[in-house]
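Encoded as structure tokens, the structure appears first; notes follow it.
Read-outs throughout are calculated quantities, based only on the coordinates presented, and are distinct from any laboratory measurement. Because the structure is predicted, anything quoted here is derived from the model rather than measured. We place every Cβ from the backbone using ideal geometry, glycine too, and count neighbours over all the protein chains shown.
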Amino acid sequence: MINCQEIIVKIIKAKFEKPRDNLTQKQIQDLRDNEEELYFYCEEQKILPIVYILLDKYGIFNKITHLGKKKYLINKVNHFQKLSDLKVLYNSLGNLPHVTIKGVGFALIAFKDFGMRSSSDMDFIVDKAKLKEFKRILTNLGYTQGKYNIKTRVIKSFSREECLFYELNTHQAAPFVKLNEKGIPIYIDLNFKLTWAENQLEDIILDDFIQDSADLTINELQLKMLPLEKMLLQICLHHYREFNSIYLIYKGNSINLQRFCDIYFFIMNNYNKIRWDYFINISKKYNLGYFVYYVFYYTNFIFESKKLKLIISKLELEDFANRRSLNMFGLSEIERKKWSVDFSTRLNTTDQKKLIFDSLSSPDIKKIKTLENLGI
Amino acid sequence: MEEKYLKKVIMTFLFKELSHSGELNETVSLIELGLDSIKVIQLVVYLETELNITFDDEDLLLANFKTIELIIKTTAKTLAKTTGESPEGVISK
């Protein structure tokens, strides 16, 4: 038995934190002897390509090297394909205000290598007032609001009720999809909220939020991205939702190391470029400080980083901390509940659904079933 | 369109779905009377079918459907976009 989380954190920290604390010969041998266990842990936590890259300097492993490399290369190919698919759409968007979030741009900025992170949909932030125009462009390019069935290879359009469900109950419009020239489905998500449907307090005008977007050129394509501080804020909010949504936890282990790696790598790779005072100011301006604090707190709980601690102490000075809520989950007051186990247990379990199941109320189950039926 | 008619269309839905009998104050919170997010979807589809309109994305907020007064206002705005009139002029007293 090895402590997989401890070893992985050590390997990752050795890349960024001083002193560069590399693995000892004995630890490397332990890893080789218990590689199967480490491999399954990496798969469960969705960090196989990261561990593959970082373990490379210690020589060749079996599954981690071969399957990790495979995943790493698939991520690269997928991202290049997405860039190619995006080109056509970008040419049609003209001056329509929008930014691209997550996906290929985020992977490159956070990890400096977009093989280390996978992505599925292509996500945009667009003000709700501009949705109609964005939808018109997507429809003209052959996209449909619907779902691709892998078995029948047919796209089934959403009903008006399904589209309305997305618009009224989530942070995004019903997803758009079309098949590219290779027959691969391209999914586009239009996000019109920075937080989530349960957060009725959000009153952020997205046109204002995205007005200082910056261009990032990848493979001859100029992607409109948020500045680093807003990018970090957006990914913190996205991951806070994943860590706290009863539906996402129920659906399948949404609290995982990959999401904490997103935050840690992003901060470590961009620490000196991020205007931290600006980051804190916008968190305060949009009343999002607590969500940021939550994500930073647990990222530091895992990685114990001096740089993270420094930022956390600044967040605490701004009164962003709410320690009582750190052990709660649920996105709205009515859904909020206390975890029955500590953070390490929920991070490392293979069945987070089991950990919350007994505490769910009838309305919680009803909501989960509705979302499940929609396949969100 | 007469406000009386629009109110009747809205009330028909609310009486059926909220199992509420008697007068409904225009400013009372329908959420407290049981209008949840799923019923709002049914209400939107019902109004779109009955009035032959399509609500714009920017108007599709739960907050726009939480009282009868707000439903009338949102529907009037949508009707006005369809007919080219002003939201104030599209509904006659």
Specify the residue with the greatest mean-square fluctuation among A:Gln258, A:Gln29, A:Gln172, computed from a Gaussian network of chain A linking alpha-carbon atoms under 10 Å apart.
A:Gln29
Integer Hz, Karplus 6.51/-1.76/1.60 couplings in order for the stretch A:125-131, x for Gly and Pro:
9, 8, 5, 4, 5, 9, 4
Please list, in chain and number order, the residues 5+ apart from A:Met328 or on another chain whose amide H is under 5 Å from its amide H, with Hs placed from the backbone.
A:Trp339
Amide H to amide H under 5 Å from A:Thr195: which residues, 5+ apart in sequence or cross-chain, H placed 1.01 Å off N in plane?
none
In the structure displayed, which of A:Lys15/A:Lys46; A:Lys182/A:Lys369; A:Lys15/A:Lys309; A:Lys182/A:Lys273 lie more than 28 Å apart, Cα to Cα?
A:Lys182/A:Lys369; A:Lys182/A:Lys273
Run the helix sum for the protein assembly as shown: -39,500 (n - 2.57) per DSSP H stretch of 4+ residues, divided by residue count, reported at 222 nm to the nearest 500 deg cm²/dmol.
-16500 deg cm²/dmol
Nearest 10 degrees, 0 to 90: what angle lies between the long axis of helix B:37-51 and the longest principal axis of chain B (Cα atoms)?
40
Using only the alpha-carbon atoms, how far is helix B:3-18 inclined from the longest principal axis of chain B? Give it as 0 to 90 degrees, nearest 10.
30
According to a simple spin-label model (label point 7 Å from Cα along Cα-to-Cβ), what is the distance in nm between A:Ile365 and A:Glu44?
2.7
Which order do A:Lys135, A:Lys182 fall in if you start with the one that has the fewest other Cβ atoms within 10 Å?
A:Lys182, A:Lys135
Which of A:Lys63, A:Lys224, A:Lys285 moves most in a GNM of chain A, Cα contacts under 10 Å?
A:Lys285
Taking only the alpha carbons of the stretch A:100-224, the radius of gyration and the largest Cα-Cα distance, Dmax, both in angstrom, are 15.5, 43
Pairs A:Lys128/B:Lys77; A:Lys76/A:Lys151; A:Lys70/A:Lys353; A:Lys285/A:Lys314; A:Lys151/A:Lys178: which exceed 19 Å Cα-Cα?
A:Lys76/A:Lys151; A:Lys70/A:Lys353
Amide H to amide H, which residues 5 or more places from A:Met122 or on other chains are under 5 Å from it, using H placed in the peptide plane?
A:Tyr187, A:Ile188, A:Asp189
Binning at 10 Å from 0, report for chain B what percent of all alpha-carbon pair distances ends up in each bin.
16, 55, 26, 2
Would you mind calculating the gained length between A:Arg323 and A:Arg275 on full extension (0.36 nm times residue separation, minus the Cα-Cα distance), in nm to one decimal?
14.7 nm
How large are Rg and Dmax for chain A when calculated on the C-alpha trace, in angstrom?
20.8, 61
I'd like the distance between the alpha-carbon centres of the stretch A:189-206 and the stretch A:266-293, rounded to an integer number of Å.
18
Through the Karplus equation 6.51 cos²θ - 1.76 cosθ + 1.60, θ set to phi - 60°, convert the phi angles of the stretch B:61-73 into ³J(HN,Hα) values in whole Hz; use x for Gly and Pro.
10, 3, 4, 6, 10, 8, 9, 4, 4, 5, 5, 4, 4
